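Presented below is the structure to which this report refers.
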Amino acid sequence: MDKNRFTEEKFRSSSASKHEDAAMKTMMHFFAEELLPLLGIQGKVASIAPTELMDIRIANFYQDFNFFMEDGSIKHLEFQSSDLTLDDLKRFRSYESVTSYQYKAPVTTYVVCSGKIRNPKTQLTEGINT
């Protein structure tokens, strides 16, 4: 192995890395100010958000029922006997996301409400997704 080879590690510790970081930050500001409106994405960017997210925990996603369908999709049923809240819908959405990711299949969740639920939250809209 060539000891003088310019490795990724050497690059990251060099001044070239600092220039790359500055160039990337400038490019992100350009994207925010110029590219987003060009793509029809509305709203003004307040700041650049992190792109490397870490969520290190162990969680058990206990779902009521999942069914593999002939068309390759998964139907997910949840039975709810208490008020259906936004937190419940977000939890069900996380079930869908993880299940879809692990099984590489589209998932549709159905919530069956029982008991004396009067005003269940039936829709979650965040961003462009409902």
ask   = Could you list, in sequence order, the residues of region 78-106 that are β-branched (Val, Ile, Thr) and in contact with a Lys or Arg (Cβ under 8 Å, 6 or more places away or on another chain)?
value = 85
message = Quick check on my filter: what residues within region 66-89 are farther than 22 Å from residue 115 by Cβ and either polar (S, T, N, Q) or not in a loop (DSSP other than H, G, I, E, B) (or both)?
response = 66, 67, 68, 73, 74, 75
request  = Using the structure shown, decide if residue 99 is β-branched (Val, Ile, Thr), loosely packed, with under 14 Cβ neighbours inside 10 Å, under 21 Å from residue 123 (Cβ atoms) and assigned by TED's automatic domain parsing to the domain that holds residue 121.
outcome  = no
query = Which members of region 100-130 meet the condition of being β-branched (Val, Ile, Thr) and touching a residue at least 24 places away in the same chain (Cβ under 8 Å)?
reply = 107, 108, 109, 111, 112, 117, 122
ask   = Would region 44-65 turn up any residue that is surrounded by 11 or more Cβ atoms within 10 Å (Cβ to Cβ) and assigned to a strand (DSSP E or B)?
value = yes
ask   = Which condition breaks for residue 68 when tested against (1) closer than 18 Å to residue 90 by Cβ; (2) surrounded by 10 or more Cβ atoms within 10 Å (Cβ to Cβ); (3) of a type outside the set (S, T, N, Q)?
value = (1)
ask   = Only one of these conditions is not met by residue 9: (1) modelled with pLDDT under 80; (2) surrounded by 10 or more Cβ atoms within 10 Å (Cβ to Cβ); (3) assigned to a helix (DSSP H, G or I). Which number is it?
value = (2)
inquiry  = Restricting to region 101-130, count the residues that are assigned to a helix (DSSP H, G or I) and within 17 Å of residue 62 (Cβ to Cβ).
reply    = 2
Residue check, residue 85 surrounded by 12 or more Cβ atoms within 10 Å (Cβ to Cβ) and either touching a residue at least 12 places away in the same chain (Cβ under 8 Å) or over 24 Å from residue 129 (Cα atoms) (or both) = yes
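The values are calculated or read from the model by the stated rules, or taken from the named source; none is laboratory data. Computed from a predicted model, the values in this text were never measured in an experiment. Using ideal geometry, Cβ is built from the backbone for each residue, glycine included, and neighbour counts are taken over all protein chains shown.
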